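Shown next, in structure tokens, is the structure this report addresses.
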Amino acid sequence: MDNTTTAPKAKNAIWDFLFKRKAQNQEPPRGTIAEWTVTIVLLLFGTTTLVQAFVIPTGSMEDTLLIGDHLLVDKLAYAPGGPVSKYFLPYSPVNRGDIIVFRFPEDIRQTFVKRVIGVPGDRIRIENKQVYLNGVAIKEKYKYHKWAGYDSYRDNFPSEPNVRPNPGLMRMLENHIVNREIVVPQNAYFAMGDNRDSSLDSRYWGFVPRENIIGKPLIIYWSYETTTDRLAGSLISIEHIVDLATNFFTKTRWRRTFMLIHGEPVV
């Protein structure tokens, strides 16, 4: 064995080791920084592109969704599939019975949650609170009637509005009634709340345009018993903050935590 090269190699190895140790003490761990950078980017991308958090502020979807339910919404569910992604991402069409999150057609700054009752081409009418889809009375196990009263427009639709019609409602009533039924046009959907007696839905403002649909709710990650007035507006009220601080454990609906949200077929 030639020993003339072994000692210098060992010496160089020692110096390399000491140099690296010194460099590590002086410089931040670049691998860790890169990992955290990627993690943060993915989290930001995921919470804006893949999923998004929403809170239910009204009782229009009771008892399926309650005031104070905090949801994660799948924003890719109805996205158009790309040439490759369509084979491994669960894209799906908007179906009857799906619960959807969408931008309110009359004010896209507001976000609504309703159930799809009619898809393009469907014929819809309501007689004495009973929904008829394409001429057939449908069974809706998810709907609730919490008010015994009668409303001539809401409970028999379409008919003469007893409310001040907005532009979307007027377009629907003027252009999409055939044989006393609403006919859903292309690229639009007819949506209603499960709490039929107290829901501001397509009966009052018209169709949901396809481009307004954000996604579908996936899961209730937290549910807190509160009131609409405390959740209204863009900012959380002081009363709600105080209530959270004092009643978090007693008013959290623990049984609804991590509850999955599923659509129901309209039949």
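Each reported figure results from applying straightforward, stated rules to the coordinates on display, with no laboratory input. In this text, all values refer to a predicted model and were calculated from it rather than measured experimentally. All Cβ positions, glycine included, derive from the backbone under ideal geometry; neighbour counts span all protein chains shown.
Would you tally the net charge around LEU231, using a Cβ to Cβ cut-off of less than 14 Å, leaving LEU231 out, and scoring K and R as +1, D and E as -1? Overall, the nearby charge balance is -3. Oblate is the label for segment 120-173. Its Cα gyration tensor axes, ordered a ≥ b ≥ c, give a/c of at least 1.5 and b/c at or above a/b. Label-to-label distance, PHE248 versus TYR221, with points set 7 angstrom from Cα along the beta-carbon direction: 1.6 nm.
What the Cα atoms of segment 56-260 give is an Rg and a Dmax of 18.1, 56 Å.
Distance between the pseudo-spin-label points of VAL163 and HIS262 (7 Å out from Cα toward the beta carbon): 3.2 nm. For the peptides 209-222, 151-164, 244-257, residues were scored by their other Cβ atoms within 10 Å and the scores averaged per peptide; the highest-first order is 209-222, 151-164, 244-257.
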